[in-house]
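S.K.: The structure is given below, and queries will be raised subsequently.
Any read-out appearing in this document is the output of simple, stated calculations on the displayed coordinates, not a laboratory observation. Since this is a predicted model, take the numbers as computed values, not measurements. Heads up, the Cβs are rebuilt from the backbone with ideal geometry, glycines too, and the neighbour counts pull from every protein chain shown.
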Amino acid sequence: MRTPVNATTPLEENPPKKGSQSKSAAGMPAIVSTAKHGLSKMGLIRSISSLTKVNKFTGFDCPGCAWPDPDDKRTIAEFCENGAKAIADEGTRKRAGPEFWSRWTVSELSMKSDRWLNKQGRLTHPMILREGSDYYEEVSWESAFKTIAIELSRLNSPDGAIFYTSGRTSNEAAFLWQLLARRFGTNNLPDCSNMCHESSGVALTESIGIGKGTVKLDDFEKSELIIVVGQNPGTNHPRMLTALRDAKKSGASIVSINPLIETGMMRFKHPQNPLEVLGFGTSIADEHIRVRVNGDQALFRGFAKSMIPQINESDEFIKKYTHGFEEYRDYVSTTPWDEIVASSGVSRNKIERIGRQMSKAKSIICCWAMGLTQHKNSVATIQEISNVLLLGGNIGRPGAGLCPVRGHSNVQGDRTVGINHHPSDQFIDALEDEFGVMPVRKIGSDAVESVRRMAEGKSSVFLSMGGNFLSAMSDTNATAHSLERCKLTVQISTKPNRSHLVTGKTAIILPCLGRTERDRTGGADQFVTVENSMGVVHMSVGSAKPASEHLMSEPSIVSGIAEALESIIGKSGIDWKSLTADYDTIRGSIERTVPGFDSYNRRCRIDGGFYLPNPPRDGRVFNTPTGKANFITNSLESLHVDDGQFVMMTIRSHDQYNTTIYGNDDRYRGISGGRRMVMMNKSDIEANGWHEFQKVSITSHFNGSEICSEGWFIIEYDIPPSNVATYFPESNVLIPLDSVADGSNTPTSKSVRVTISPIS
């Protein structure tokens with residue numbers, strides 16, 4: 001019998017260290033950090049080679065965030081500190097081959113930290129953990145594919161399989177992945193969007209007819225007012241700071257809305273500008289609004305209440321392009337100021353002052369990230385933002401628009417090419433016309449529902465195209481229990497992570513090429529394409545020597561699984577070998593099935609790629625049932641806690657990228673040497689008779705149930721009273737699986753009711 005494994009990273013024995021919060025982002029510390037990571041992991045030559053090719057027209061797309069590159073010209077260093085970390089992490093010289101896996105049991109490895117696991121290096125060979133065994137062992141690609149195919153063929157229903165997708169997956173691999181799932185007969189296609197920007201997609205589709213933003217990069221230099229809400233660009237999207245800096249130099253005002261005042265929104269020292277690096281840099285935010293956690297809907301309702309008296313209902317934009325203004329206007333007018341102020345934590349005077357500024361501004365951009373998308377009322381909050389921008393006609397205008405900022409480098413592209421548990425009839429029809437198979441039309445399972453299905457025994461084969469599903473999901477222990485109930489779990493990965501340790505009865509690791517590496521599939525050099533946050537599709541060409549001669553590309557892995565499966569269940573007529581022998585063939589199929597990809601193979605080879613159609617942005621066309629942009633009236637909601645409770649939000653440190661932990665320091669926040677901390681307001685600490693660095697347990701509360709996590713250290717931090725912040729993935733264990741956003745089913749990682757108790 002297999003030894004039990006630990007689903008979470010080990011507890012920390014010593015409290016972290018705390019210094020002063022940094023007052024400026026990037027600058028010399030970022031240059032030093034970039035050099036340190038590159039030289040220590042890749043060496044001088046590979047560092048120079050990789051960093052001079054990242055985000056270039058003929059280079060590879062950064063495997064970090066999805067912030068866009070300039071359309072026309074690229075600098076010599078078109079990357080940020082965190083992008084350099086991601087590249088160095090993938091390009092490491094260390095290897096986690098068969099000898100590594102033979103040295104440790106999965107139980108022993110589960111006692112190691114997430115940071116330690118990641119530092120072991122690149123996977124080199126396919127590996128299998130057989131039922132009852134404690135050790136992974138090497139397996140051939142052919143045998144691995146056959147094992148997967150046999151387990152899939154034994155399922156009572158195609159819905160017994162789940163096909164998960166990470167946001168780093170290319171358009172080509174993602175298209176084949178969804179084709180494999182639908183050819184098998186299921187729409188169980190959860191992806192990382194379910195955990196982050198699903199709320200944005202749902203909200204915007206109802207409001208403006210497309211689940212994407214409506215701005216281009218050059219709109220930032222044309223904007224009069226930029227609002228950054230629920231986002232920490234300095235850590236999560238550092239290249240965005242360049243756009244904000246350039247906007248300031250062009251005369252834009254910038255307002256930051258966040259429970260925390262983040263360093264990146266204070267001051268930015270552009271690493272490529274010696275005068276800024278050595279000088280004072282550029283002040284970014286003109287004003288910081290300290291909203292309470294989950295107070296954003298109320299805050300924007302207050303902005304609307306301030307703006308509406310200045311709005312003429314006969315305004316040309318509102319009259320011609322919108323629907324529902326009168327109902328929304330009347331509803332807003334009845335919302336009491338006392339409720340707005342209490343829920344937002346922001347004074348009426350400040351709200352009205354910013355509202356007046358918004359009324360006068362000729363062009364407004366509003367940007368947001370997971371600080372808005374992971375609440376119960378996230379969809380309503382984002383629709384409130386859309387309402388506010390519609391009031392001023394700030395869609396389809398230069399320098400204006402909605403800007404959800406995506407995290408993973410191709411999370412938007414994956415969705416565009418078909419990674420969706422709820423596909424449209426038009427897309428299914430197109431797939432049927434292209435491949436001659438009849439894909440299933442019923443709604444599949446998203447991430448939360450997939451965990452439920454595995455827990456209930458309804459799904460027993462879990463396949464993951466990249467990512468670290470266990471650590472990324474809410475309710476870590478519930479997710480672990482679900483995965484362990486599976487007959488087979490499969491991970492297509494580049495490096496070891498905790499999802500390789502918490503597995504089904506049988507587990508397989510399939511090592512794939514990284515974004516930076518040369519792809520010689522089919523005997524010729526191949527390239528892939530991705531879509532950034534602003535709808536630009538462009539090529540990505542890896543050139544580095546692969547970490548192992550045994551690696552396969554993601555499209556080839558999908559093809560290998562598909563061919564093994566069809567040898568058992570019967571041929572579909574899909575020529576999988578031809579699709580992966582030349583990626584142009586995949587792109588040809590995408591062109592014929594997904595609108596907007598006309599002349600795909602020609603246009604993706606143009607420097608900078610091409611923009612996908614965006615009707616609201618391109619021509620103020622709104623593909624909604626009303627044919628117009630919709631003012632959507634939602635009741636005002638906010639999370640209220642009982643005495644002794646706090647609202648907890650999860651955040652990232654500066655030394656991590658999603659679930660990948662590079663180190664235990666958070667340079668911008670002045671915290672080092674640890675990650676298990678709960679940031680609290682000084683008044684809350686004193687009121688409870690606690691002290692800084694005291695060890696505590698945190699208990700979350702939801703619908704009468706509780707989840708307790710021990711071994712946290714109190715850190716005094718400038719955060720609103722009754723609000724606390726913790727790092728994920730460590731605190732994901734506290735987010736109940738059933739606590740999800742209305743309309744999107746996204747885990748409520750930013751609004752968790754908790755109590756805190758000292759540990760003696």
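S.K.: Quick one: compute the contact order of region 288-365, relative version, from alpha carbon pairs under 8 angstrom and 6+ residues apart, as a percent.
M.R.: Normalised by residue count, the contact order of region 288-365 is 52 percent.
S.K.: Moving on. Once amide H atoms are built 1.01 Å from N in the peptide plane, which residues 5 or more positions from ALA25, or in another chain, come under 5 Å H to H?
M.R.: Here ARG267, PHE268, LYS269 satisfy the definition.
S.K.: Which whole number of Å³ per residue matches the convex hull of the alpha-carbon atoms in region 198-406?
M.R.: Normalising the Cα hull of region 198-406 by residue number yields 110 Å³.
S.K.: If all Cα-Cα distances of the chain are sorted into 20 Å bins from 0 onward, what percent lands in each bin, rounded to whole numbers?
M.R.: In whole percents, the pair-distance histogram is 17, 53, 28, 1.
S.K.: For region 285-292, just list the computed ³J(HN,Hα) in residue order, Karplus coefficients 6.51, -1.76 and 1.60, θ = phi - 60°, integers in Hz, with x standing in for Gly and Pro.
M.R.: 7, 7, 8, 10, 9, 8, 7, 6
S.K.: Could you order the peptides 731-744, 714-727 from most to least packed, using the average number of other C-beta atoms within 10 Å per residue?
M.R.: In descending order of packing, they fall as 731-744, 714-727.
S.K.: By count of other Cβ within 10 Å, fewest leading, how are PHE646, PHE280, PHE317 ordered?
M.R.: Ascending number of Cβ neighbours within 10 Å: PHE280, PHE317, PHE646.
S.K.: Among VAL733, ASN187, ALA430, pick out the residue whose Cα is farthest towards the positive end of the charge dipole of the chain, where Lys and Arg carry +1 and Asp and Glu carry -1 on C-beta, about the Cα centre.
M.R.: VAL733
S.K.: For GLU287, list long-range residues whose amide hydrogen, built 1.01 Å from N in the peptide plane, is under 5 Å from its own amide hydrogen.
M.R.: Here ILE254, SER256 satisfy the definition.
S.K.: So, one more: Summing -39500 (n - 2.57) over the DSSP H runs of n ≥ 4 in the chain and dividing by its residue number, what mean residue ellipticity at 222 nm do you reach, to the nearest 500 deg cm²/dmol?
M.R.: On the way: 30 runs with 259 residues, N = 760.
Estimated from H runs of four or more residues: -9500 deg cm²/dmol.
S.K.: Ranked highest first by the average count of other Cβ atoms within 10 Å around their residues, in what order do 363-371, 178-186, 46-54 fall? Could you put the intermediate results ahead of the total?
M.R.: On the way: 363-371: 25.9, 178-186: 24.3, 46-54: 19.0.
In descending order of packing, they fall as 363-371, 178-186, 46-54.
S.K.: Applying the Karplus parametrisation 6.51 cos²θ - 1.76 cosθ + 1.60 with θ = phi - 60° to the phi angles of region 502-510, what ³J(HN,Hα) value in whole Hz is obtained for each residue in order, glycine and proline being reported as x?
M.R.: Karplus-based 3J(HN,Hα) across region 502-510 equals 9, 9, x, 4, 10, 9, 10, 10, 10 Hz.
S.K.: Which values of log₁₀ I(q)/I(0), to two decimal places, follow from the Debye formula for region 571-660 at q = 0.13, 0.15, 0.23 Å⁻¹ with a uniform point scatterer at every Cα?
M.R.: At q = 0.13, 0.15, 0.23 Å⁻¹ the computed log10 ratios are -0.90, -0.93, -1.11.
S.K.: Still on this structure, I have one more. Can you give the Rg and Dmax of region 646-758 based on its C-alpha atoms, in angstrom?
M.R.: In order Rg, Dmax, the Cα atoms of region 646-758 give 13.8, 41 Å.
S.K.: As I understand it, the dipole of the chain uses +1 on the Cβ of Lys and Arg and -1 on the Cβ of Asp and Glu, about the Cα centre. Which of VAL139, CYS403, GLY281 lies farthest toward its positive end?
M.R.: GLY281
S.K.: Output wanted: per-residue J couplings in Hz (rounded whole) for region 437-444, from phi through Karplus 6.51 cos²θ - 1.76 cosθ + 1.60, θ = phi - 60°, x for Gly and Pro.
M.R.: Taking θ as phi minus 60°, the curve returns 9, 10, x, 6, 10, 5, 5, x Hz for region 437-444.
S.K.: If amide hydrogens are placed 1.01 Å from N in the peptide plane, which non-local residues have theirs closer than 5 Å to the one on GLY504?
M.R.: THR489
S.K.: Work out the length of the dipole vector of the chain about its Cα centre, built from +1 on the beta-carbon of each Lys and Arg and -1 on the beta-carbon of each Asp and Glu, and round it to the nearest 20 debye.
M.R.: 1560
S.K.: Turning to a different aspect of this structure: If you average the sequence gap of Cα pairs under 8 Å that are 6 or more apart and divide by the length of region 198-406, what percent do you get for the contact order?
M.R.: Across region 198-406, relative contact order equals 31 percent.
S.K.: Could you sort the peptides 401-410, 24-33 by per-residue average Cβ neighbour count (10 Å cutoff), highest mean leading?
M.R.: 401-410, 24-33
S.K.: Sticking with this structure for a sec: Could you put LEU372, LEU129 in order, starting from the residue whose Cβ has the fewest other Cβ atoms within 10 Å?
M.R.: LEU129, LEU372
S.K.: Given 5 Å bins starting at zero, what is the percent of C-alpha pairs of region 1-138 in each, up to the one with the largest pair distance?
M.R.: With a bin width of 5 Å, the distribution comes to 2, 8, 13, 15, 14, 14, 13, 10, 7, 3, 1, 0.
S.K.: 7 Å from Cα along Cα→Cβ at both THR3 and ASP338: what's the point-to-point distance in nm?
M.R.: Spacing of the two 7 Å Cα→Cβ label points: 6.2 nm.
S.K.: Indicate, rounded to the nearest 5 percent, the antiparallel portion of the DSSP beta bridges found entirely in the chain.
M.R.: Around 40 percent of the beta bridges assigned by DSSP in the chain are antiparallel ones.
S.K.: If pairing requires two Cys Cβ atoms under 4.7 Å apart, which cysteines of the chain are left without a partner?
M.R.: CYS62, CYS65, CYS80, CYS192, CYS196, CYS366, CYS486, CYS512, CYS604, CYS708, each lacking another Cys Cβ under 4.7 Å.
S.K.: Just for region 646-758, what percent of DSSP beta bridges are antiparallel, to the closest 5? Could the numbers behind the result be given before it?
M.R.: Values: 21 of 30 bridges.
Close to 70 percent.
S.K.: Relative contact order for the chain using alpha-carbon pairs under 8 Å, separation at least 6, rounded to a whole percent?
M.R.: This gives 22 percent for the chain.
S.K.: Listing THR659, THR755, THR169, THR214 from the residue with the fewest other Cβ atoms within 10 Å to the one with the most, what is the order? Before the final figure, lay out the partial values.
M.R.: Working: THR659 22, THR755 17, THR169 32, THR214 28.
The most exposed by this proxy come first: THR755, THR659, THR214, THR169.
S.K.: Now for a different question. Percent antiparallel among DSSP beta bridges with both residues in region 198-406, to the nearest 5? Write down the numbers at each step before the final one.
M.R.: Values: 2 of 19 bridges.
Counting DSSP beta bridges with both partners in region 198-406, the antiparallel share is about 10 percent.
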